[in-house]
1. Any idea which of VAL190, VAL216, VAL167 is within 41 Å of the chain's Cα centre (by Cα), crowded, with 19+ Cβ neighbours inside 10 Å and closer than 15 Å to ARG143 by Cβ?
2. What number of residues within segment 369-407 are modelled with pLDDT of 80 or more, in contact with a helix residue (DSSP H, G or I) (Cβ under 8 Å, 6 or more places away or on another chain) and assigned to a helix (DSSP H, G or I)?
3. Counting only residues that are more than 14 Å from ILE225 (Cα to Cα) and in contact with a Leu (Cβ under 7 Å, 6 or more places away or on another chain), how many does segment 117-130 have?
4. On the given criteria, is SER366 part of a helix (DSSP H, G or I), surrounded by 18 or more Cβ atoms within 10 Å (Cβ to Cβ), assigned by TED's automatic domain parsing to the domain that holds LEU30 and not β-branched (Val, Ile, Thr)?
5. Select from segment 234-254 the residues that are aliphatic (A, V, I, L, M) and not in a strand (DSSP E or B) and list them in ascending order.
6. Collect the residues in segment 321-348 that are surrounded by fewer than 19 Cβ atoms within 10 Å (Cβ to Cβ) and of a type in the set (Val, Ile, Thr), keeping them in residue-number order.
7. How many residues are surrounded by fewer than 17 Cβ atoms within 10 Å (Cβ to Cβ) and touching a Phe, Trp or Tyr at 6+ places or on another chain (Cβ under 7 Å) if we restrict to segment 117-152?
8. Pairs needed: first member in segment 66-87, outside the structural domain of ILE107 (by TED's automatic domain parsing) and over 24 Å from MET104 (Cβ atoms); second member anywhere, charged (D, E, K, R) and at pLDDT 80 or above; C-beta distance under 9 Å; at least 6 residues apart or different chains.
Amino acid sequence: MEQEDKTAAAQEILDKPETKQFSGLSMWDLLKLSLRVFRTKPTRTILTILGMSVGIGTVVFFVSLGYGLQYILIGRLITSEDSLITVEASYPSESGKSIDLDTMSQIRLQKEVDNISPVAEFPGEMSIGGGAPGIIPLTRIIRPTYFTYSGTTPDIGKAWTDTEPGVVLSSQALKLLGLKADQSIVGREVTGKAYYPKLDGSTQEVDISALKISGVITDENEPPIAYIPYSSVSIEPTAFKSMLVKAKSIDLVVSLRDSLEKDGFLINAKIDLVNQATKITNAITVALMVFGVAALTVSAIGMFNTMIVGFLERIYEVGVMKALGATDADIKHLFLMESSVIGLLGGATGVVLGMTAGAGLNFLMSTLSQKLGSKALSLFITPSWFIIAVLVLSVFIGIVSGFWPARNASLLSPREAFVRK
């Protein structure tokens, strides 16, 4: 009986087209009508948003992990901009050659070269604070540019400069001297000697002037090594184990590397390592994204199902709105607005879930890392542009999911809607 009354009322409206009360819906009207679903179908709507947020959150979580891995790996390779455009050149040990001043002068003339930082390496002997001397197998006599060109940065203290000369020691070198690598070691005085090899196989003893420890490298993988300035030795070296050659720009690094290789040098270029690391981390990021997209696809299917059910339940409502003057475009926009709002809310909630999960794991890993004596670790990093892209993608998924129901609803005539109801 109730159904017959609705049909009769609808038929009466159809017979009086002049009673139409509006000819179009504004964006504000569409938004208010689309939010009505939270009041009429709250459980289904919230579950749909939750399902969408799980898919989006999975994508955010995995992609943040990929970016975090990339940042950690490449960040360890690139500690300064200069280190990226610098190549380390040395002769193969079997060649019996060493780099001299004439060799560096010739290389400096190449068009790709901006500057050269020579590296001399000899065994040495050091004493800290008047204590017992100890042998340091690797004593590197360098210029201050070495630290920026190589990307070497002390973990405790700082690198020395021409105006403030000093010495940087590795933690392994301090162990040989019976000392611990901590802040208290910075500022203590160091004296010692370097042993230059002679052609006859003997060594020349060269005094190292008194220096103060400016920094310590705590990396346990770093060998026992001391970095001292040219100004600290009584006789400057004329033969060098290697040299750091800085290119004028990043575009010239490859040609500089190829040119030095043709001259018989072994080359170690960080840009090659960075390129390989980028390829690896990109592959990892794509693989992780695939898992996230799979979860997102399932969520999108669930949202599409919700919109279809919503359309079927609101056929009569569509008929009434059209009878009152709503256009096909109004009906289509109403369904698309509703699906877009659900998609946006699902995306925003998913971003929050994914970033919260990543932040929680970052906190746990940083706490564990610091307890083990290492630096704080951030394994999950979410770029700002990616958050914006995810929100745009969420709205797009909402539009795609609601397009078919919106189209069907817009094509539905009032008479057909009342009959189907």
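1. VAL167
2. The number of residues fulfilling the criteria is 18.
3. Result for segment 117-130: 2.
4. Against the criterion (part of a helix (DSSP H, G or I), surrounded by 18 or more Cβ atoms within 10 Å (Cβ to Cβ), assigned by TED's automatic domain parsing to the domain that holds LEU30 and not β-branched (Val, Ile, Thr)), SER366 does not qualify.
5. ILE235, ILE250, LEU252, VAL253, VAL254
6. Within segment 321-348, just THR327 meets the criteria.
7. Final tally of qualifying residues: 1.
8. Correct list of pairs: empty, since none qualify.
The values are calculated or read from the model by the stated rules, or taken from the named source; none is laboratory data. What you see is a predicted model, and the numbers here were worked out from it, not measured in a lab. All Cβ positions, even for glycine, are placed from backbone atoms using ideal geometry, and neighbour counts span all protein chains on display.
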